[in-house]
1. Can you tell me how many residues in the stretch 139-168 are of a type outside the set (Val, Ile, Thr) and not in a loop (DSSP other than H, G, I, E, B)?
2. Can you go through 205, 224, 199 and tell me which one is assigned to a helix (DSSP H, G or I), among the aliphatic types (A, V, I, L, M) and at pLDDT below 90?
3. Yes or no: the stretch 37-53 includes at least one residue that is closer than 27 Å to residue 240 by Cβ and free of Cβ contacts under 8 Å to residues at least 60 places away in the same chain.
4. Scan 150, 234, 131 and give me the residue that is at pLDDT 85 or above and on the phi < 0 side of the Ramachandran plot.
5. Need the failing condition index for residue 25 against (1) under 24 Å from residue 100 (Cα atoms); (2) at pLDDT below 85; (3) not in a helix (DSSP H, G or I), just the number.
6. Kindly indicate whether any position in the stretch 168-179 is closer than 19 Å to residue 37 by Cα, at pLDDT 95 or above and under 13 Å from the mean Cα position of the chain (by Cα).
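The values are calculated or read from the model by the stated rules, or taken from the named source; none is laboratory data. It should be emphasised that the depicted structure is a prediction, and the values quoted were computed from it without experimental measurement. Cβ placement follows ideal geometry from the backbone for every residue including glycine, while neighbour counts extend to all protein chains displayed.
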Amino acid sequence: MDYLFLLILFVIAALYASVGHGGASGYLALMALFGFEQYVMKSSALTLNLFVSGISFYSFYRKGHFKWKVLLPFIIGSIPMAFIGARLSTEAHTYKIILGVFLLIAVSRMFYSPKGGFSESKTPVFYLAVIIGAVVGFFSGMIGIGGGIILSPLLLLLHWSNVKETAGISALFIFLNSLAGLAGLYFNTHFEPSPNILLWAAVGLAGGFVGGYISNNKISNYQLRYVLASVLFIASLKLLIF
C-alpha cells in the first residue's frame, strides 16, 4: 500500500470532517489519481463517508449543533433518489467527465468560507427542501458522494442554518445518502470496495477524530484547504484530459 495515498487520505478525512463533511469528493479525486476503477471508487468513497461523517455528526451533535426540522425534508427527497442514482450504470468515459466537472466545482468550494454572520436562521420551505434534497441525492448517488458539499452552501446562503448547525446537518445528510448509495450499488451488483477498505477506514477514522479536534478547538485549516484543493484540481484535469 502506497504510504503517500494513506497520508493524503488522512488529510482529506481530517479537513472534511472539520466542516461536517464525509470527504467523498476528496477520496474520489485521490483514487482517480491512483487509477482505480469506477465502481471501486464509488463503493470505497461511500464506505469511507459512513465512517468519517458518522464521527463528524457525533462531534457536532453533542455540542448541540443540529436541527432535525431542517434536515428532515431534505432526506425525504434525497434518500430514495440517492438509491436510484447509484443504481444507474454510467459509461466509464462519461463518468470521468461528470466527476471531473464536479471536482472543479468542489475546488471552488474549498475557498468558500461563510462566516455565518446572521443571528437567526429561517425554517426551510418544506416542498422546496424536498425538491432540493431529491436533486442533490440523485446526482450524489450517481457520482458516489454524500452531497454535503452541495447542500452546505445552500443552507447558508438561504439562511436555513448557521455555520455550526450546517456542519451537523450536513454530516447526517451525508451519512444517510451514502448508506442509500451503497444500497443502490449493492442491489445493482456494483458494490466493489477496495480490498484495503478496512485499512482505509481506520485511516479515515483517525482523520475524522483529528478533524473534530480542529473544528472544536478553532485550529486554522487554511493551508490544508490549499493542499486539498490542489489534489482535487490535479485529479479533475486527469479525468477531463486523459
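1. The qualifying residues number 16.
2. 224
3. Yes; the residues of the stretch 37-53 include at least one that is closer than 27 Å to residue 240 by Cβ and free of Cβ contacts under 8 Å to residues at least 60 places away in the same chain.
4. 131
5. (3)
6. Yes, the stretch 168-179 contains at least one residue that is closer than 19 Å to residue 37 by Cα, at pLDDT 95 or above and under 13 Å from the mean Cα position of the chain (by Cα).
Yes/no matrix, rows are residues, columns are (1) modelled with pLDDT under 90; (2) assigned to a helix (DSSP H, G or I); (3) of a type in the set (Phe, Trp, Tyr); (4) under 15 Å from residue 151 (Cα atoms):
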position: 46; (1), (2), (3), (4): no, yes, no, no
position: 65; (1), (2), (3), (4): yes, no, no, no
position: 71; (1), (2), (3), (4): no, yes, no, yes
position: 79; (1), (2), (3), (4): no, yes, no, yes
position: 83; (1), (2), (3), (4): no, yes, yes, no
position: 99; (1), (2), (3), (4): yes, yes, no, no
position: 102; (1), (2), (3), (4): yes, yes, yes, yes
position: 107; (1), (2), (3), (4): yes, yes, no, no
position: 127; (1), (2), (3), (4): no, yes, yes, no
